[in-house]
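First up is the structure itself, then whatever we jot down about it.
What follows is calculated from the coordinates using simple rules that are stated; it is not laboratory data. Just so you know, these numbers come straight off a predicted model, no measurement behind them. No Cβ is skipped: glycine too gets one built from the backbone with ideal geometry, and neighbour counts run over all protein chains shown.
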Amino acid sequence: MQKLLLTVDRMSTWLGQAFAWLIVTLALMITWEVFSRYVLNRPHDWALNLQIMMYGTLFMMAGAYTLSKNGHVRGDVLYGFFEPRTQAWIDLVLYVVFFLPGVVAMTWAGWEYANESLAIREKTFSATPLPLYPFKFVIPIAAGMLLLQGLVEIVRCLVCIREGAWPSREQDVEEVDVDKLKQMVHVKDEDIAALDKFVAPTGGTK
């Protein structure tokens, strides 16, 4: 079972990392469009539409990836103090009551929405129209991956309820632990305070 859970984690991670390259593509495209518009005086009417579709794709395909890393926003003021079994029960109820109905509906409606767009070969409204239906198929694909990852998280809740501890998950990037970073570079709080004395309130140096 754990092997299956980690396999889905890896799939979500791979998709998230693959579509993360859209950030680089977007940055390069926006830079070129600004240069083309203000330096060459040659704006492209389709550029904004393409940027919006690329950003939407990036945002939607990050859903399953973020869930696999347990990175979605959670009001954990009290949650963090609970025992793992209590946390698992809370998560399980929320997944069943809120997550599953919403994501199933998004997957189903997204598929219908995308097929309607394909049927009419929908395009953007611009002087140089772009095909819109490929982008709309991202909706059911992203929702389907999010649903699959959600089912994995439900299984993790059941395992935690049974065993009293959360099962492991596929690791990727982690937040920087400032205290560990200080230990690695041998920096003390007193050293940082001493450096702060040389920095003016406006951000310059004294």
With Rh as the Kirkwood radius over Cα pairs, region 82-122 has Rg/Rh of 1.37
Around MET53 (Cβ within 14 Å, Cβ-to-Cβ, excluding MET53; K/R +1, D/E -1) the net charge comes to +1
Interchain or sequence-distant (5+) residues whose placed amide H lies within less than 5 Å of the amide H of LYS123 are LEU132
Given 8-21, 140-153, the highest-first ranking by average Cβ count within 10 Å works out to 140-153, 8-21
Hull volume per residue for region 2-175, using the convex hull of the C-alpha atoms, in Å³ is 136
Of the convex hull drawn through the C-alpha atoms of region 43-91, the volume per residue in Å³ is 94
Shape descriptor, region 96-147: equivalent ellipsoid semi-axes (Cα gyration tensor, sqrt 5λ, whole Å, largest first) stand at 27, 9, 8
Stretched fully, the stretch from TRP21 through SER36 gains (0.36 nm per residue minus C-alpha distance, one decimal, in nm) 3.1 nm
If every Lys and Arg gets +1 and every Asp and Glu gets -1 at its Cβ, then about the Cα centre region 2-175 yields a dipole, in debye to the nearest 20, of 280
Within region 121-147, the residues whose backbone N lies under 19 Å from a label point placed 7 Å from the Cα of VAL73 along the Cα-to-Cβ direction are none
